[in-house]
Amino acid sequence: MLRRVPATSPLWMRRLAILSLIGQAGIMVTGAVVRVTGSGLGCPTWPNCFPGSLVPEPHPEIAPLTQWVEFGNRLLSVFLVIVAGLTFLAALTVRPRRRRLTWLALAMPLGVVAQAVIGGFTVLAGLAWWSVMPHFLASTILVWLAVELVDEATAGGPVTRTVPRPVRMLTVVSSVVLGALLVAGTLVTAAGPHAGDAATPRLGIGVPALAQLHADLLFAYLGLLVGLGFALWTAGAPARLKRRYGVLVAVVLAQGALGGIQYALGVPEVLVALHVLGAALTTAAAAGVWAATSHRAPAPPAVESPASEPTLAASR
């Protein structure tokens, strides 16, 4: 049946992949808005907002704005499911079929569904800090995969490495440290004042100690980025990889400065949401650097399926 569907062009495949990337990053930001506005239990049940009602309804103990902030985040998840589903269907109709593209595209709807389940569990757990952490970290993984999908959308030919193996391994090490940095950031949040609901217990570790851990990992990551920069220039990396590296350094420096400012100001709500956006951008930029350590030739021209060719009998 899929062979009878018109082939998806590389341009449309890339557009859908970019839309999926924007959606994955956007859901991280809206999740932060839910948390800093104390709207995490604006819809106290899941999948319904209230028992017997899918949408918000008047409630004497929950403000309407709180309900609609949380419900709006859920609606964005529905939109993201639709976009992710269309992206996967488009990948299925790319000709010739490309396995890596299909698997990356499949990760989008599966990831969104998994996030919905994690989010539902988080609500049922009363926004306990240990249930909120995987909700955020799963989004960072999906952002990374979405960047890989964007790169894959218009590629598909033979793969060549753009830098030597030791440079690629240094990129891997820096990415692992970035993952630890993101985990430390969630621990700071778990101990901080923005729980999503005023009655939610916090992680019983002092914020200053966790913030110091977060800062130490940031300095370690910056040190690795400096080393990576020297390695890229020494290895004669292509201009595309150097540009992406420059973007990553700029984003990380801006994110570090923003984190210091928000800590000094007592983590105001607006800066917390911007910091989460910075985490999404940092993850995307790091994924872009990793993707650029390999070069994939442009996708071959679409091949019409034999099923779409007129048969001899039909031509008579």
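The values are calculated or read from the model by the stated rules, or taken from the named source; none is laboratory data. From a predicted model like this one, the values you see are computed outputs, not experimental measurements. Heavy atoms of the whole protein, side chains included, go into the accessibility calculation; ligands, DNA and RNA do not. Shrake-Rupley method; radii C 1.70, N 1.55, O 1.52, S 1.80 Å.
Numbers for the structure displayed
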{"quantity": "Overall Cα dimensions of the range 63-171 - principal axes, largest extent first, Å", "calculated": "55, 36, 20"}
{"quantity": "For the range 1-157: relative contact order, % (alpha-carbon pairs under 8 angstrom, 6 or more apart)", "calculated": "35"}
{"quantity": "Mean ellipticity per residue at 222 nm, deg cm²/dmol - from DSSP H runs of n ≥ 4 across the chain, formula -39500 (n - 2.57)", "calculated": "-24000 deg cm²/dmol"}
{"quantity": "Among 209, 285, 138, residue whose mean-square fluctuation peaks in a GNM of the chain (springs only between Cα atoms under 10 Å)", "calculated": "209"}
{"quantity": "Percent carbon-and-sulfur accessible area, the chain, ignoring ligands, DNA and RNA, probe 1.4 Å", "calculated": "73"}
{"quantity": "Cα convex hull volume per residue for the range 1-154 (Å³)", "calculated": "111"}
{"quantity": "Whole-number percent relative contact order across the chain, with pairs defined as alpha carbons under 8 Å at least 6 apart", "calculated": "27"}
{"quantity": "Rounded, prolate or oblate (a/c below 1.5 giving rounded, otherwise prolate when a/b exceeds b/c) for the range 1-71 by Cα gyration tensor", "calculated": "oblate"}
{"quantity": "Per residue accessible area of the chain, 1.4 Å probe, in Å²", "calculated": "50"}
{"quantity": "Gain on full stretching of the segment that runs from residue 202 to residue 97 - 0.36 nm per residue minus C-alpha separation", "calculated": "33.0 nm"}
